[in-house]
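The values are calculated or read from the model by the stated rules, or taken from the named source; none is laboratory data. The model shown is predicted, which means the values in this text are computed figures rather than measured ones. As a convention, Cβ positions derive from the backbone with ideal geometry for all residues, glycine included, and neighbour counts pool all protein chains shown.
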Amino acid sequence: RMSELEKAFRKFATYGDTAATGNDMTGKNFSKMLKDCGVMDGKAVTSTDVDIVFNKVKTKGARTINFAEFQQAMKELCGKRFKGKSPEEALQAVYALMEGKEPANVGVTKTTTAGGVDRLTDTSKYTGSHKERFDESGKGKGIAGREDVTDGSGYVGAYKGAGTYDKKH
């Protein structure tokens with residue numbers, strides 16, 4: 001049976017990496033986990049402390065830590081986070097912060113449906129020559145709505161007497 005802590009470890013280990021197995025955690029995700037769970041508070045435990053401990057517990061040359069190394073890292077950090085508690089109490093307090101936690105998607109960019117796009121695509125608001133580019137339903141006419149189709153009759157555009165020349169002469 002997997003402990004709550006191990007479940008949290010696996011969730012953070014796979015966060016942002018579709019290829020991750022969940023057995024190893026990168027420094028970036030380790031740092032994220034401690035920040036999201038409130039272990040890294042910026043005062044007692046800083047990001048520098050977290051990086052130092054991560055590099056201390058990981059295997060030389062490795063880029064990730066496994067669950068055992070993670071537990072070792074927590075033992076190093078818990079005394080810093082909970083000063084005045086016994087090492088065992090401090091460790092339990094840190095674990096309590098992490099159990100059942102998942103990566104928070106704070107500050108993740110969401111797609112916006114800005115009003116600008118709606119206004120630009122609302123053809124009923126078009127006026128003047130642009131209005132002629134759309135039919136009554138608001139569907140674009142394509143090239144016919146964009147280009148002036150040339151009239152090869154020889155008359156000036158909008159001339160009232162167009163086509164009457166041959167009748168007089």
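One residue alone among 45, 50 is within 16 Å of residue 79 (Cα to Cα), in contact with a helix residue (DSSP H, G or I) (Cβ under 8 Å, 6 or more places away or on another chain) and not in a loop (DSSP other than H, G, I, E, B), and that residue is 50. The number of residues in region 74-97 being in a helix (DSSP H, G or I) and over 17 Å from residue 42 (Cα atoms) comes to 10. For residue 47, the test of being over 24 Å from the mean Cα position of the chain (by Cα), modelled with pLDDT under 95 and among the hydroxyl-bearing types (Ser, Thr, Tyr) is failed. Restricting attention to region 30-73 and to residues that are farther than 16 Å from residue 6 by Cβ and among the hydroxyl-bearing types (Ser, Thr, Tyr), the residue that is surrounded by the most Cβ atoms within 10 Å (Cβ to Cβ) turns out to be 31.
There is at least one residue in region 106-118 that is of a type in the set (A, V, I, L, M), in a helix (DSSP H, G or I), over 22 Å from residue 3 (Cα atoms) and modelled with pLDDT under 90.
When the residues of region 1-22 are filtered to those that are among the aliphatic types (A, V, I, L, M) and part of a helix (DSSP H, G or I), the one that is surrounded by the fewest Cβ atoms within 10 Å (Cβ to Cβ) is 5.
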